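Encoded as structure tokens, the structure appears first; notes follow it.
Just so it is clear, none of the values below were taken in a lab; they were calculated from the coordinates. Since we're looking at a predicted model, the values are computed, not measured. Glycine also receives a Cβ, built like all others from the backbone with ideal geometry; neighbour counts cover every protein chain displayed.
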Amino acid sequence: MFLAPFVATPTPVVRQMLVLADLKPGEVLYDLGSGDGRAVIMAAKDFGAKSVGVELREDLAKRALNNIQELSLTEKTQIIQKDIFNVNLSSANVVFLYLTTSANEKIKPKLEAELKSGARVVSHDYEILGWKPSKIDNFCENPKLGYPSHTLYVYKR
Ligand SMILES: C[S@@+](CC[C@H](N)C(=O)[O-])C[C@H]1O[C@@H](n2cnc3c(N)ncnc32)[C@H](O)[C@@H]1O
């Protein structure tokens with residue numbers, strides 16, 4: 001089921017999301033709808049995590065893999081070209097989302113069923129209705145240049 005079109009999260013926003021989610025070295029991050037792999041790459045390269053991207057589109061999955069290979073991050077990362085609904089999330093410490101509110105509503109039962117206690121979900125711009133966020137951050141990359149701000153939601157299971 002296609003949930004959202006490809007729109008990349010700006011790199012400074014990805015970083016802020018991983019900081020807010022308190023991603024630690026050795027933890028496992030899943031980006032559900034991983035696009036060009038930027039969150040997967042940053043999680044492994046800058047936070048020392050093991051990261052997994054799940055991406056339905058073949059061209060984007062290939063692009064992410066190319067980016068990963070160029071940075072020699074293949075041992076710490078994985079790109080799975082599958083529908084989010086067909087991937088088990090029980091090993092995730094952090095789930096990264098940039099979908100839509102209605103898409104979040106669709107994957108919510110899966111997150112509730114599979115995520116372990118202590119796992120964090122960080123969502124760019126779209127909340128998970130019915131869940132109480134542990135943090136909400138309005139993050140602006142560059143207010144002086146009039147960049148729009150991004151609302152970042154963190155949830156703890
Ligand atoms: C808004 S983009 C976010 C990309 C990336 N997470 C980021 O923040 O830069 C959403 C991505 O989800 C992918 N997608 C949509 N539905 C999906 C599904 N059911 N399973 C896997 N990927 C999906 C799209 O192809 C797209 O690349």
Original post:
Among 22, 31, what is the fewest-to-most ranking by other Cβ atoms within 10 Å?
Top reply: 22, 31
Original post:
Tell me, 58, 105 in order of fewest to most beta-carbon neighbours within 10 Å?
Top reply: 58, 105
Subject >> C-alpha center-to-center spacing [the range 115-157, the range 1-31] in angstrom >> reply: 10
Subject >> Shape call, the chain: gyration tensor on alpha carbons, a/c limit 1.5 >> reply: rounded
**OP:** For the chain, give the share of DSSP beta bridges that are antiparallel, in percent and rounded to the nearest 5; count only bridges with both residues there.
**Re:** 40
Original post:
What trypsin sites (Lys or Arg not before Pro) in the range 69-141 are in a loop by DSSP, with at most 11 other Cβ atoms within 10 Å of the Cβ?
Top reply: 116
Original post:
Distance in nm between label sites at residue 105 and residue 58, each 7 Å beyond Cα in the beta-carbon direction?
Top reply: 3.3
